1. Sort out which residues of segment 145-167 are modelled with pLDDT under 95 and either surrounded by 12 or more Cβ atoms within 10 Å (Cβ to Cβ) or within 24 Å of E120 (Cα to Cα) (or both), and write them in order of number.
2. Every residue in segment 177-188 that is surrounded by fewer than 19 Cβ atoms within 10 Å (Cβ to Cβ), in contact (Cβ under 8 Å) with a residue 12 or more places away in the chain and under 16 Å from the mean Cα position of the chain (by Cα), please.
3. In segment 168-190, which residues are within 26 Å of V126 (Cβ to Cβ) and in a helix (DSSP H, G or I)?
4. Take the residues in segment 191-206 that are modelled with pLDDT of 95 or more and either in a helix (DSSP H, G or I) or out of contact with any strand residue (DSSP E or B) (no Cβ under 7 Å at 6 or more places or on another chain) (or both), then tell me which one is farthest from D53 (Cα to Cα).
5. Report yes if Y122 is out of contact with any Gly (no Cβ under 9 Å at 6 or more places or on another chain), at pLDDT 95 or above and more than 24 Å from Y219 (Cβ to Cβ), otherwise no.
6. Y172: within 20 Å of the chain's Cα centre (by Cα) and hydroxyl-bearing (S, T, Y), yes or no?
7. Would you please name the residue that is farthest from L101 (Cα to Cα), looking only at residues in segment 219-248 that are in contact with a Phe, Trp or Tyr (Cβ under 7 Å, 6 or more places away or on another chain), at pLDDT 95 or above and surrounded by 14 or more Cβ atoms within 10 Å (Cβ to Cβ)?
8. Of the conditions (1) part of a loop (DSSP other than H, G, I, E, B); (2) surrounded by 14 or more Cβ atoms within 10 Å (Cβ to Cβ), D252 fails just one. Which one is it?
Amino acid sequence: MPKIKNFHKLFFVPTIVLIIMAGAVICFYQAVKNRYISINEWSLGSNSVRGVDISAYQVDVDMQRLKEQGIQFVYIKATEGRSHVDDYFSRNWSNAQAANLPAGAYHFFNFESSGIEQAENYINTVGESLSGHLLPAVDVEIYYTNNTPVVPNKDKLKRELQAMLNRLERQYGIKPIIYAQKDFYETYLADFSDYPRWIRDVYIPAKWKNGDNWLIWQYNDRGQLEGYSGGEKYIDLNVINSYKTLDDLRVD
């Protein structure tokens, strides 16, 4: 059998290439995980309708400055549970109207309070009419108490959430939008598929896991814009489904 010259090089070079490629993949994964690189940003079109959601964590918010950076709508935390009202809701709500920035109010759902009480908290805080504003939104997700996750009873969650949604729909004449992550939605909220969806995926494009079955997508929870100060460094960034428009979010 003839000897193959430089036999070791036939294996050495491909091995080095594979190591380099593996290193590049790991570095890319870490960059995406830590949000140094945003695949989601690459997937957005130039005509995407972009918005933010805010709460007291952003403290002082300049709505006009947000508009100047291409923000076209804002969701403002209003209430949580049966009695809590966000400290900055009233100010943010008024400032959004003054800046002519379309605004919606969202409620953070509590698993331990009745849905009716939570709906009344929202209505009493936001007002009896949402005409000219955006859909009422209910944020439903796992939360923590004393660093311990509060896991809902599925039947109770469905019953109380439905009670809240029914009350809001009777009040405002339109179905509220539900904010939930994909895994939580599929585990607990599959029966609510006739309500518009606000999904969250900050790592990969919405279509990869959710198709087009959503109205709003929260694509970045570490956005940085000018126009808010005194609190949280980051701001949540959202986009409307490209098959929809801002009018699909408006309450008549």
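The values are calculated or read from the model by the stated rules, or taken from the named source; none is laboratory data. Note that the coordinates shown come from a computational prediction; the quantities given were computed from them, not determined experimentally. Using ideal geometry, Cβ is built from the backbone for each residue, glycine included, and neighbour counts are taken over all protein chains shown.
1. T145, V151
2. At the first step, the residues of segment 177-188 found to be surrounded by fewer than 19 Cβ atoms within 10 Å (Cβ to Cβ) are 181-184, 186-187.
Within this subset, residues satisfying the condition of being in contact (Cβ under 8 Å) with a residue 12 or more places away in the chain are 181-182, 184, 187.
Hits for segment 177-188 are Q181, K182, F184.
3. If we filter segment 168-190 for residues that are within 26 Å of V126 (Cβ to Cβ), which is where we start, we get 168-181, 184-185, 188-189.
The answer is L168, E169, R170, Q171, Y172, F184, Y185, Y188.
4. The extreme case among them is D191.
5. On the way: out of contact with any Gly (no Cβ under 9 Å at 6 or more places or on another chain): yes; at pLDDT 95 or above: yes; more than 24 Å from Y219 (Cβ to Cβ): yes.
Here the answer is yes, as Y122 does meet what is asked.
6. Details: within 20 Å of the chain's Cα centre (by Cα): no; hydroxyl-bearing (S, T, Y): yes.
Taking the combined requirement at face value, the residue does not satisfy it.
7. Within segment 219-248, the subset in contact with a Phe, Trp or Tyr (Cβ under 7 Å, 6 or more places away or on another chain) is 221-224, 231-232, 235, 237-239, 241, 246.
After this cut, where a residue has to be at pLDDT 95 or above as well, the list is 235, 237-239, 241, 246.
With surrounded by 14 or more Cβ atoms within 10 Å (Cβ to Cβ) added as a condition, the list becomes 235, 237-239, 241.
Working: I235: 17, L237: 15, N238: 15, V239: 15, N241: 19 Å.
Per the stated criteria, the residue is N241.
8. Of the numbered conditions (1) part of a loop (DSSP other than H, G, I, E, B); (2) surrounded by 14 or more Cβ atoms within 10 Å (Cβ to Cβ), the odd one out for D252 is (2).
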